[in-house]
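What follows is one structure encoded as structure tokens, with my remarks underneath.
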């Protein structure tokens with residue numbers, strides 16, 4: 001209909017919901033999309049008999065994030081409901097409407113970024129993981145806005161096609177089309193649609209199987225009331241292991257800040273006010289006196305705990321991304337970080353000499369960085385591509401510049417990583433105790449920091465063992 005107007009299209013769209021059946025469809029679909037978006041954004045995790053499924057979130061949601069999720073979920077539910085209406089009434093959703101609305105939904109999910117490691121969250125094959133895309137970090141807001149725009153465009157075309165009543169099985173004269181006389185192109189599209197539908201269903205079944213597949217498995221060991229009983233009969237109190245790996249008091253090191261923070265502020269790569277703004281706005285954390293002292297340039301020892309994990313991440317992150325060091329500048333992904341800006345100072349990448357290392361210290365820093373990983377991806381610290389990768393590199397370089405040995409740096413690296421990725425290292429500690437009888441203090445932290453236990457793939461060695469053995 002050529003005389004269709006946005007007002008008439010909108011009026012027709014709302015008239016669809018005068019029917020109880022479409023209101024009934026819309027509400028559960030809306031709840032489904034809200035659940036999907038909030039899950040990918042790390043608002044909650046899903047407890048399962050075989051473990052916990054979900055993402056780790058370090059901050060309370062911002063007002064924009066809440067709006068973004070609710071708006072995207074609402075429009076996605078409208079698109080889905082109108083599409084169902086079109087199918088039920090044998091209306092064509094229209095190629096433009098289908099593609100645009102689908103692209104809108106995908107872009108909205110694409111804009112859901114893990115606040116902990118600045119990657120994009122995915123659910124695949126029964127596991128959740130985060131794809132590292134740091135080069136997109138400066139554009140996340142625009143990606144989210146694009147998702148909103150595409151959703152609105154998709155909603156318009158879907159509603160427009162519903163208003164214009166395009167019949168999927170009718171010719172221009174309104175008579176039914178003989179299915180056998182469909183064009184070759186139409187038949188090929190139908191076949192592709194059927195194949196794609198089967199693929200999606202098979203993928204969903206596979207994921208559900210991977211998630212719930214262990215429900216009926218036999219467990220050799222036992223876990224009861226927070227206590228694991230291993231093959232030797234020894235009992236491991238899980239709460240005690242958690243306190244060992246991530247103590248409530250945190251860890252205090254002998255590493256000194258020296259004048260490095262004062263240099264960072266002087267070079268304007270670190271702005272205390274901007275950092276305070278991010279901590280209070282994004283993480284709901286008020287500046288503590290000891291943090292203010294560090295930012296004022298006082299020479300204080302480094303510490304890490306659940307209360308200051310984010311603060312330490314940002315300060316060390318800033319140090320590593322600006323310090324002109326060969327480890328950073330020779331990284332295979334350095335080209336992605338030109339004018340890299342994390343919001344706590346100015347943009348830049350390896351543009352200031354903050355730490356001077358001797359050849360011996362540089363060799364130690366390089367060796368540790370190349371053999372120290374993080375559970376959010378498969379990259380070593382020598383190729384930092386996320387917040388924790390840069391933070392770990394900053395820690396390694398700072399310790400190397402003060403003459404610490406490889407072993408001391410690996411030990412401290414694991415202490416910091418344990419508060420950034422607590423589940424991984426608590427389960428690693430349980431794994432070594434259950435399989436080798438080793439207390440956490442006796443486990444080689446260089447081994448734990450390596451690819452076998454600290455990459456995304458490696459972290460599942462302990463997780464899968466504990467799930468299969470104890471159902472946890």
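I need a count of the residues in region 337-361 that are out of contact with any strand residue (DSSP E or B) (no Cβ under 8 Å at 6 or more places or on another chain), surrounded by 18 or more Cβ atoms within 10 Å (Cβ to Cβ) and over 24 Å from residue 141 (Cα atoms).
Total satisfying the criteria: 2.
List the pairs whose first member sits in region 69-88 and is free of Cβ contacts under 8 Å to residues at least 60 places away in the same chain, whose second member is outside any helix (DSSP H, G or I) and surrounded by fewer than 23 Cβ atoms within 10 Å (Cβ to Cβ), and whose Cβ atoms are under 7 Å apart, counting only residues at least 6 apart or on separate chains?
Partner pairs satisfying both residue conditions: 69/41.
Inspect all residues belonging to region 207-217 and state whether any of them is over 27 Å from residue 413 (Cα atoms), at pLDDT below 55 and in a loop (DSSP other than H, G, I, E, B). Write out each step before concluding.
Filtering region 207-217 down to residues over 27 Å from residue 413 (Cα atoms) leaves 207-217.
Narrowing further to those that are at pLDDT below 55: 207-217.
Retained after the next criterion (residues that are in a loop (DSSP other than H, G, I, E, B)): 217.
So far as region 207-217 goes, yes, one or more of its residues are over 27 Å from residue 413 (Cα atoms), at pLDDT below 55 and in a loop (DSSP other than H, G, I, E, B).
Given the criteria in contact with a helix residue (DSSP H, G or I) (Cβ under 7 Å, 6 or more places away or on another chain) and at pLDDT 90 or above, does residue 441 qualify?
Details: in contact with a helix residue (DSSP H, G or I) (Cβ under 7 Å, 6 or more places away or on another chain): no; at pLDDT 90 or above: yes.
The answer is no for residue 441.
Is it true that residue 384 is touching a residue at least 24 places away in the same chain (Cβ under 8 Å), under 30 Å from residue 242 (Cβ atoms) and under 23 Å from the mean Cα position of the chain (by Cα)?
Numbers: touching a residue at least 24 places away in the same chain (Cβ under 8 Å): yes; under 30 Å from residue 242 (Cβ atoms): yes; under 23 Å from the mean Cα position of the chain (by Cα): yes.
Yes; evaluated as a whole, the condition is true for this residue.
Among the residues of region 419-452, how many are in a loop (DSSP other than H, G, I, E, B) and crowded, with 17+ Cβ neighbours inside 10 Å?
If we filter region 419-452 for residues that are in a loop (DSSP other than H, G, I, E, B), which is where we start, we get 421, 437-439, 443-444, 450.
Imposing the further condition that a residue be crowded, with 17+ Cβ neighbours inside 10 Å reduces the set to 421, 443, 450.
The qualifying residues number 3.
So residue 373 clears everything in (1) modelled with pLDDT under 95; (2) out of contact with any strand residue (DSSP E or B) (no Cβ under 7 Å at 6 or more places or on another chain); (3) buried (at least 19 other Cβ atoms within 10 Å of the Cβ) except one condition, right? Which one?
Exception for residue 373: condition (2).
If we keep just the residues of region 280-307 that are more than 25 Å from the chain's Cα centre (by Cα) and in a loop (DSSP other than H, G, I, E, B), which is surrounded by the most Cβ atoms within 10 Å (Cβ to Cβ)?
297
Give me a count of the residues in region 224-257 that are at pLDDT 95 or above and more than 31 Å from the chain's Cα centre (by Cα).
2
One residue is enough: does region 325-336 have a residue meeting the conditions assigned by TED's automatic domain parsing to the domain that holds residue 277, touching a helix residue (DSSP H, G or I) at 6+ places or on another chain (Cβ under 6 Å) and surrounded by fewer than 21 Cβ atoms within 10 Å (Cβ to Cβ)?
Yes.
For residues in region 453-470 being more than 19 Å from residue 438 (Cβ to Cβ) and buried (at least 18 other Cβ atoms within 10 Å of the Cβ), which is farthest from the chain's Cα centre (by Cα)?
467
Give just the number: which of (1) surrounded by fewer than 17 Cβ atoms within 10 Å (Cβ to Cβ); (2) in contact with a helix residue (DSSP H, G or I) (Cβ under 7 Å, 6 or more places away or on another chain) does residue 233 not satisfy?
Result: residue 233 fails condition (2) only.
What is the residue count in region 352-376 for residues that are in a loop (DSSP other than H, G, I, E, B), out of contact with any helix residue (DSSP H, G or I) (no Cβ under 6 Å at 6 or more places or on another chain) and free of Cβ contacts under 8 Å to residues at least 60 places away in the same chain?
Residues in region 352-376 being in a loop (DSSP other than H, G, I, E, B), out of contact with any helix residue (DSSP H, G or I) (no Cβ under 6 Å at 6 or more places or on another chain) and free of Cβ contacts under 8 Å to residues at least 60 places away in the same chain: 3 in total.
The values are calculated or read from the model by the stated rules, or taken from the named source; none is laboratory data. This one's a predicted model, so the numbers in the text were calculated from it and none came from an experiment. Cβ sites come from the backbone with ideal geometry, for glycine too, and all protein chains shown count toward neighbours.
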